[in-house]
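The structure appears right after this line, and notes come after that.
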Amino acid sequence: MTDKNPADSNLAEQLSTTEKVALSLRKRHRKEKRFQWAGLMAVGLGFLLVVILISDIVLKARPAFHQHWVKLEVEFRQDWLGVTSSDLAELKKANYRSVLRRSLYGMFPDVKGRRDKRSLFKMISTNAEFTIKQYLLDTPTKLGKTAEVWVRFDDDIDSYLKDDYTPGEAGPRVSKQQAQWLQQFLNKEIVDKRWNSEFFTSGDSREPELAGVRGALTGTLLTMLVTLLLSFPLGVAAAIYLEEFAPKNRWTDIIEVNINNLAAVPSIIFGLLGLAVIINIFGLPRSAPLVGGIVLTLMTLPTIIIASRASIKAVPPSIREAALGLGASKMQTAFGHVLPMAMPGILTGTIIGMAQALGETAPLLMIGMVAFIVDVPAGVTDAATVLPVQIYLWADSPERAFLAKTSAAILVLLSFLLIMNSVAAILRKKFEKN
Amino acid sequence: MIDLSSSESLVSDDIDLSKTVGEIYADDAKMSMRNVNVFYDEKQAIDNVSLDLARNQVTALIGPSGCGKSTFLRCLNRMNDTIPICRVEGDLRLEDEDIYAKKLDPVLLRARVGMVFQKPNPFPKSIYDNVAYGPKIHGLATNKAELDEIVVSSLQRAGLFNEVKDRLDAPGTGLSGGQQQRLCIARTIAVSPEVILMDEPASALDPIATAVIEELIDELREKYTIAIVTHSMQQAARVSQTTAYFHMGKLVEMGKTEQIFTNPVHELTENYITGRFG
Ligand SMILES: Nc1ncnc2c1ncn2[C@@H]1O[C@H](COP(=O)(O)OP(=O)(O)O)[C@@H](O)[C@H]1O
Ligand SMILES: [Mg+2]
């Protein structure tokens, strides 16, 4: 500061030590205040950005959790269906498309031309066919009768209703004609906005109104499980061996350097390795969570090892001496005393590694986890995709409804991360307690 | 840090360090060490030391800091094995058994020769588990009742039982420093060792806690052979029967404690106990 003029220094000489200290103290306090403010600002800014990000995602995701349905009067006429009896096998193969079409046209008798009819039919989800099929299979007594069945709107109509609804006016991808028909549906009060639980229970689809996150979520779960089951024991065992058992020599130095290097390798390289070695040489199936998990293990392992080693190093040597001095073997000391004390740090490292793996896409693209997969994987060798890849795929789709799905999938991914972190935090607390 | 290669100004050239003066042999030796040399890499920390630990007696190892007391003590239960650069030479015996023999398991040795460290180092577990740990890993108790019995009697002998009897489940790390050190002693006793090594066990404690520990050491002598490193000469005088004075890795003088403190033979010993350096 500007206390270097001669008058000041003269003054300073006349002051007693206590006064000098008091002077400097004021300066120190100011400095401290400034630093505290800067820190607070930094934290505040970070927090604000997170809040903005999350609220933006939540706002964008909201439409994905609802879906508009319409109640149709479906005539299950035998001649339309092309069946002769209510035999189940026959009902399964019946022509529901025709039933749906004609029932719909029946509700709008003044729609005539082929183009208009097609345009009307396109307002209903392609899945409606399966909805009415399921309805008839569940209640075969309705054969030959008229029934009211709720079916989904097409995603264009759904988006229009959610975002751009203006009575009778055209919207993006909705013609004026369609908007007017829609108005008739609305006037008859046969349109319903429902909680879209399918989003959590079904796999991916080309049709946005049918696409769900379950397949990717299951794929992520399986992949993370494989990653955790491989990388945690391997990483902890390697760290314990290197810290507690291995002689300190040139070999262990080389290993140490290599582990540190491994942590810095771009993840896509691991994907190439997975493709070349795990799939091509060992012949494991493509797109499988098992392979994804192995590849992500390669990526996570260095993080876990480095964090575990640091944490093991931080265990006071007096604890080792205490155990060894009582006649505990090296093994008993390492696993009975050092490991539990190092566990909080190890868990922190593990969760950092797992969080990285959770958001990883590049190496998984290499091993084919980017394919369009409709079925929810049932095991670690089934073809699957993962949440970040699903987000990428949806974000890349032209349909407007996928925009909301993308944000919703991001929310699911963030929730997954949150749950993972919470579990780690609870475990950490448990280990810190004793 | 004392560098053994450089000359030490306090040692005049005519002082003979090559031979230990006094009595290094005991009539009834529990442990005997002969010609012990210890190296950390190239650096020699113990230079040709021979001495006996008399059965059921307290032997004090004293000397200026860095003279190798801890190093020597840690040879007696092979704790130095855990330091990769440390090398021990010489003949060290526990009841005529070579403790550095190839076939001898250091884990077994440490069950027979227990150790109490400078800084109290209870495990971050309950008081009960701290004491029960040794007996458990060595299989000294066949059932819970026996284990309870060992824990209680060990705590009693360490003079801690009355203070902790209604909180055996409380963490050992929550005790005061003096109590923690007595817990560590109880933990050591619980394994029923024959010899107990103590490395400045009271240096981190206040005078009252120190007095309690000293009293305890005197009682423990009945059952155990004890070697204690201390930097406090008063403490050595109070608790030990035999005293060994180390200087720069060498054993300078050893003898009856009374004699060492009232009538030291060696000039260095006299300098040290009269407080001229240390
Ligand atoms: N782990 C070690 N590595 C290298 N040198 C050591 C180690 N421990 C002790 N020393 C050295 O050995 C000498 C004796 O140390 P120590 O036995 O701790 O002395 P004291 O207990 O008498 O103070 C000292 O010079 C010390 O620097
Ligand atoms: Mg020492």
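The values are calculated or read from the model by the stated rules, or taken from the named source; none is laboratory data. All figures in this text were calculated on a predicted structure; none of them were measured in a lab. Glycine gets a Cβ as well: all are built from the backbone with ideal geometry, and neighbour counts include every protein chain shown. Just the protein is used for accessible areas: all its heavy atoms, side chains included, with ligands, DNA and RNA removed. Shrake-Rupley method; radii C 1.70, N 1.55, O 1.52, S 1.80 Å.
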- Message: I'd like to check something: does segment A:287-306 contain any residue that is touching a Lys or Arg at 6+ places or on another chain (Cβ under 6 Å), surrounded by 16 or more Cβ atoms within 10 Å (Cβ to Cβ) and at pLDDT 95 or above?
- Response: no
- Of the residues in segment B:29-63 that are among the charged types (D, E, K, R) and open to solvent by 20 Å² or more (accessible area, probe 1.4 Å), the one that is nearest to B:CYS86 (Cα to Cα) is B:ASP41
- Item | Tally, over segment B:69-93, of residues that are surrounded by 20 or more Cβ atoms within 10 Å (Cβ to Cβ), aliphatic (A, V, I, L, M) and either under 14 Å from A:LEU326 (Cα atoms) or within 14 Å of chain A (Cβ to nearest Cβ) (or both) | 3
- For residues that are open to solvent by less than 80 Å² (accessible area, probe 1.4 Å), under 17 Å from B:ASN162 (Cα atoms) and not β-branched (Val, Ile, Thr), scanning just segment B:203-223, find the one that is modelled with the highest pLDDT. B:LEU216
- Query: Which residues, taken from segment A:265-290, are assigned to a loop (DSSP other than H, G, I, E, B) and more than 12 Å from A:LEU365 (Cα to Cα)?
  - Reply: A:VAL265, A:PRO266, A:ASN280, A:ILE281, A:PHE282, A:GLY283, A:LEU284, A:PRO285
- Message: Quick check on A:LEU262: is it open to solvent by 50 Å² or more (accessible area, probe 1.4 Å) and either in a helix (DSSP H, G or I) or not assigned by TED's automatic domain parsing to the domain that holds A:THR361 (or both)?
- Response: yes
- Message: Pairs please, first residue from segment B:225-244 and farther than 12 Å from B:LEU53 by Cβ and in a loop (DSSP other than H, G, I, E, B), second anywhere and of a type in the set (S, T, N, Q) and within 15 Å of ligand 2 (Cβ to nearest atom), Cβ atoms under 9 Å, 6+ apart in sequence or on different chains.
- Response: B:THR230/B:SER203; B:HIS231/B:SER65; B:HIS231/B:SER203; B:SER232/B:SER203
- Item | Count of segment A:16-73 residues which are over 26 Å from the mean Cα position of the chain (by Cα), open to solvent by 100 Å² or more (accessible area, probe 1.4 Å) and within 30 Å of A:SER202 (Cβ to Cβ) | 0
- Cβ pairs under 9 Å, 6+ apart or interchain, first in segment A:311-325 and within 14 Å of another protein chain (Cβ to nearest Cβ) and β-branched (Val, Ile, Thr), second part of a helix (DSSP H, G or I) and open to solvent by 40 Å² or more (accessible area, probe 1.4 Å), ordered by first then second residue, are A:VAL315/A:MET341; A:ILE319/A:MET341
- Task: Report whether or not A:GLY336 is touching a strand residue (DSSP E or B) at 6+ places or on another chain (Cβ under 7 Å) and within 14 Å of chain B (Cβ to nearest Cβ).
- Result: no
- Task: Return only the number of the condition from (1) within 16 Å of ligand 2 (Cβ to nearest atom); (2) within 14 Å of chain A (Cβ to nearest Cβ); (3) open to solvent by 20 Å² or more (accessible area, probe 1.4 Å) that B:GLY66 does not satisfy.
- Result: (2)
- Query: If you go through segment A:68-78 one residue at a time, do you hit one that is assigned by TED's automatic domain parsing to the domain that holds A:TYR135 and part of a loop (DSSP other than H, G, I, E, B)?
  - Reply: yes
